[in-house]
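The values are calculated or read from the model by the stated rules, or taken from the named source; none is laboratory data. Note that the structure is predicted; figures quoted are calculated from it, not measured. Glycine also receives a Cβ, built like all others from the backbone with ideal geometry; neighbour counts cover every protein chain displayed. Side chains are part of the model used for accessible areas, which takes the heavy atoms of the whole protein and leaves out ligands, DNA and RNA. Shrake-Rupley method; radii C 1.70, N 1.55, O 1.52, S 1.80 Å.
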Protein chains: 2
Amino acid sequence: MNIGVFGTGTVGRTIAGKLHDLGHAVMMGTRDVAVARERAAGPRDSESFAEWEARHPKAEAGSLAEAAAHGEILFNCTAGHASLDALTAAGTDNLAGKILVDVANPLEFPGGVLSLIVCNTDSLAEQIQRAFPETKVIKSLNTVTARVMVEPGELGQGDHHVFLCGDDAGARQRVEEILREWFGWRQVIDLGDLTGARGMEMYLPLWVRLMSVQETPAFNVKVVRQG
Amino acid sequence: MNIGVFGTGTVGRTIAGKLHDLGHAVMMGTRDVAVARERAAGPRDSESFAEWEARHPKAEAGSLAEAAAHGEILFNCTAGHASLDALTAAGTDNLAGKILVDVANPLEFPGGVLSLIVCNTDSLAEQIQRAFPETKVIKSLNTVTARVMVEPGELGQGDHHVFLCGDDAGARQRVEEILREWFGWRQVIDLGDLTGARGMEMYLPLWVRLMSVQETPAFNVKVVRQG
C-alpha cells in the first residue's frame, strides 16, 4: 500500500522503516529533503537520516505535500508543536478523505520543564481534526516510545495495551487492523471519539516521569481488569 | 496509630474503613458532622455515611480541625476542587510537621465535560504543598478507584502499580511502607519530588475514559518493562 509518513525523526523513521520492511511503498515527507539528508545524527539517534535511507532503499523522501499526495494512509510523526504547520504544508486537498494516524505529542520543555501546548479541554488531535475536517484523524501510538510502536512483542511478550480514538468508526477499525496485523499489537483499546485524545496526550507527563525514574523509555502500561 | 481522614465520601470511607479494620484510631473530618450523618446515600454509594458509621463503631467523626489535630498521619480524601478550603479549615498548625497523603483529584465536569481545575505546569498537590509548607505532602492512590486503593489484591492478583511522589524522601518511604503493609500493595513506584503529581493527576482523563469504555472503575495499570 502507498503510505505517507510526515517527519524524519526517530518516530517517523521507525514507523516508515517497519512499513518499508513489510513491503509497503513508503514516502517520508519533510520540509526540506536536502536539509534532512545533510543533518547529522541527533544525540538520541543511532544514525543520521541519510544512513537510515541507505538501509531502506525503497523508501522515498519528498516534500510534505508529495508524501501526502502519495499516501493512501498517512502518519503524523512530526513534533507536536510543529504538526499543524506541517499538515498545512502537506495541503488540505492531499489530506482529504484519508486516514491520518496522529502519533505526535504536543510537548515543549521551556526552561527544561515539561509543558503541553494544548491540554485539558482540547488536544492536538482535535486541533488537527478541526483544521482538516475532511481527514479521518485517528490518535494512536503516542503513548509508547518509537521502538515499542512497531515491536510491541519485545516488551513483556506483548502483554500490554495500545490505545486509539477518532470520530470515524470505520477508520478506527482500519487502524486497529493496522496495529494488529502490521505492527503486531495483541491488545488494542478503542477509546471512542477523538476527545479521547485528551487523556492519551495528558498521559505523557506521567510517561516522561516513569521514563526518568526507570531510566528507560522501553516500557508501556497494561490495563489490568477485574476477573 | 492515630489517623485523620478528611472527607466522608466514598474514598474517605474506604480508606478510613480499612484503617479502622486494621485497628487504627481513625477520625474522619468533615465540614459539618450532623449534615454528613443526615445525608442519604448518593447514587454511587452502597450506603449512607450514618450506615457506614454503624458498621465502623470505633471510627470517630469530627470537624476538619479535630481530625487534623487527632491524626499523626493524614489523608486528604476531599473533592479536589474543595481540598484547599477544607485544609484551610483543618488549620495550618494542625497539619504542620505531619504527612498528608493527598488522594484527591482536581476534577470538575462543567456541562458534563471533564476538566482539571489545575494541570500542566502545576498540580493540586503542589498547590497544597505551597499553602502548607510545613506539611509533608505525598501524592498517592489517586490513580485508582477507592476499592482498589485498599484491596489491590482483588485485581489481577495485585500485579499492577501504584505511584507516589513528594518532596520529603523520608515521608515517601513511610507512605510506601503504609501502602505495602497496611493496604497490601506489592508494586509501588516512587516518582520522586512532588512535581510528579502533575502526571499522576493528568492521567485521570485517560482513567475516566477507560472507565467509560470498559464500563467499570475496577481496573489499574501495570507498568510493563523490558526484560
Query raised in the report: Do we have any residue at all in region A:39-54 that's within 16 Å of the chain's Cα centre (by Cα) and under 30 Å from B:P205 (Cβ atoms)?
Result: no
Query raised in the report: Only one of these conditions is not met by A:Q226: (1) over 26 Å from A:K98 (Cβ atoms); (2) within 16 Å of the chain's Cα centre (by Cα). Which number is it?
Result: (2)
**Report entry** Restricting region A:38-68 to residues that are open to solvent by less than 60 Å² (accessible area, probe 1.4 Å) and aliphatic (A, V, I, L, M), the residue that is nearest to A:I15 (Cα to Cα)
**Finding:** A:A59
Query - Every residue from region B:133-144 that is more than 10 Å from chain A (Cβ to nearest Cβ) and under 11 Å from the mean Cα position of the chain (by Cα) - result: B:I138, B:K139, B:S140, B:L141, B:N142, B:V144
Report task. Hand me the list of helices (runs of 4 or more DSSP H) wholly inside region A:153-227 holding 1 or more residues that are out of contact with any strand residue (DSSP E or B) (no Cβ under 6 Å at 6 or more places or on another chain), within 7 Å of chain B (Cβ to nearest Cβ) and surrounded by fewer than 17 Cβ atoms within 10 Å (Cβ to Cβ). Result -> A:204-214
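The rows are residues; the columns are (1) open to solvent by less than 10 Å² (accessible area, probe 1.4 Å); (2) among the small types (G, A, S).
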site: A:E72; (1), (2): no, no
site: A:A79; (1), (2): no, yes
site: A:L87; (1), (2): yes, no
site: A:I99; (1), (2): no, no
site: A:V118; (1), (2): no, no
site: A:A125; (1), (2): yes, yes
site: A:I128; (1), (2): yes, no
site: A:A131; (1), (2): no, yes
Query raised in the report: Taking region A:52-83 on its own, how many of its residues are more than 13 Å from A:A16 (Cα to Cα) and part of a helix (DSSP H, G or I)?
Result: 11
Query raised in the report: What number of residues in region B:187-210 are out of contact with any His (no Cβ under 9 Å at 6 or more places or on another chain) and without any contact (Cβ under 8 Å) to a residue 40 or more places away in the chain?
Result: 8
Query - Only one of A:A125, A:A86 that is assigned to a helix (DSSP H, G or I), at pLDDT 95 or above and closer than 15 Å to A:A67 by Cβ - result: A:A86
Query - Pairs where the first residue, in region B:1-16, is farther than 14 Å from B:A59 by Cβ and the second is open to solvent by 10 Å² or more (accessible area, probe 1.4 Å) and among the charged types (D, E, K, R), C-beta under 9 Å, 6+ apart - result: B:G9/B:D45; B:T10/B:R44; B:T10/B:D45; B:T10/B:R147
Report summary line: Quick count over region A:5-36, residues being surrounded by fewer than 16 Cβ atoms within 10 Å (Cβ to Cβ) and either assigned to a helix (DSSP H, G or I) or more than 18 Å from the chain's Cα centre (by Cα) (or both), is 5
Report summary line: Reported set for region B:133-152 where residues are open to solvent by less than 50 Å² (accessible area, probe 1.4 Å) and not in a loop (DSSP other than H, G, I, E, B) is B:V137, B:I138, B:K139, B:S140, B:A146, B:V148, B:M149, B:V150, B:P152
Report task. Scan region B:101-114 residue by residue and report those that are assigned to a strand (DSSP E or B) and open to solvent by 20 Å² or more (accessible area, probe 1.4 Å). Result -> B:L107, B:E108
